[in-house]
Amino acid sequence: MKCEACQQETFLPFRCPHCGGQFCGAHRLPENHSCPRSDAARMQRQEQVMTNQAYGSYNYSYVYGQDPYKRKNRISTSPKELKHIGIAAALVIGIGFSIGLYGFLSVWSYAIMGIFAGLMTASFLVHEVAHKIVAQKKGMWAEFRLTTWGAVLTFVSVFLPFKMISPGAMMIGGSVPSGEDLVKISIAGPITNLIFSSVLRGLAFPLTPNSFVLMLFFAAYINAFMAVFNLIPFGILDGYKIFSFNKKVWALAFAASAALTIVAYLQIFG
């Protein structure tokens, strides 16, 4: 996305809460992009500095005015984020159950479907929280937010054979990260899916084949697929940011994800 002030391409645009424009790190503050409501923004910051809200919570509209070091190494959340995560978790649980109903109803019990739905929800949430932890360790603001179309499409896909798990994303703001930091933030999510896939496959491999073991292998496949999909170097996906700054790291992660996906697929469908 291009900054509306300087027209430079930016990988983490900042949305001005006062005029609604999208800007790069150098022009994120109202006074730096000739915001038509800069006077109101200045008054708002002055009012918030005089209250406990300034540093006691992460107000989305105020975070851009905070000094990054004041939040460094502090992992925090907010009631708004917890509400959004709760709704996202409910949607992913629905997806997990619907996969069992559509594809494995004849071999999975409802208990196994419930375990699978729990594993899918954990995989999604840990992926997003990994982004959050790394970003906040770097002194940035990071909170999960539902996206309207993502949540709608995820909900609709619960009732369709085709599944989509994208109810929201981790929103990141504050200081402008270096390329190295951006790579670390972006790759943290896919790494958790690779770990989930490897652990689930490792648990299932020595067991006698049955419907529970099939579920573990399928959950391992889904996690590997989530990793390889997120590493596609396109659009807003993690892979695009990683590829832009470190092609060697991207190639290694993508190759590992693709290999794990192929192996998991062949074990189930081969």
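The values are calculated or read from the model by the stated rules, or taken from the named source; none is laboratory data. The structure presented is a predicted model; accordingly, all values stated were derived computationally and were not measured. Cβ sites come from the backbone with ideal geometry, for glycine too, and all protein chains shown count toward neighbours. Surface accessibility is based on the protein's heavy atoms, side chains included, excluding ligands, DNA and RNA. Shrake-Rupley method; radii C 1.70, N 1.55, O 1.52, S 1.80 Å.
Three principal axis extents describe the C-alpha atoms of region 141-270; from largest down they are 51, 36, 22 Å.
Measuring between their Cα centroids, region 131-157 and region 193-212 lie 28 Å from each other. Reducing region 217-270 and region 159-189 to their Cα centroids gives an inter-centroid distance of 14 Å.
Other residues lying with their Cβ under 14 Å from the Cβ of Cys24 contribute a combined charge of +1, Lys and Arg counting +1, Asp and Glu -1. For the pair Ala258 and Arg37 in one chain, pulling the backbone fully straight at 0.36 nm per residue adds 74.7 nm over the alpha carbon distance. Between Val249 and Ile236, the contour length at 0.36 nm per residue exceeds the Cα-Cα span by 2.9 nm. Shown are Met226, Met120, whose ranking by accessible area with a 1.4 Å probe and every protein chain present, most to least, is Met226, Met120. Available extension along the chain between Gln8 and Leu125 is 38.9 nm, counting 0.36 nm per residue and deducting the alpha carbon span. Per-residue SASA remark: Arg37, around 130 Å² accessible (1.4 Å probe; ligands, DNA and RNA not included). Its alpha carbons considered, region 210-270 gives a radius of gyration followed by a Dmax of 13.3, 44 Å. Accessible-area rank, largest first, for Phe159, Phe104, Phe245: Phe159, Phe245, Phe104, with all protein chains present and a 1.4 angstrom probe. With a ≥ b ≥ c taken as the square roots of the eigenvalues of the C-alpha gyration tensor of region 198-245, please select rounded if a/c is under 1.5 and otherwise prolate if a/b is larger than b/c or oblate if it is not? Prolate is the answer for region 198-245, as a/c is 1.5 or above and a/b outweighs b/c. Between Ile195 and Val213, the simple label model (points 7 Å from Cα in the Cβ direction) yields a spacing of 2.7 nm.
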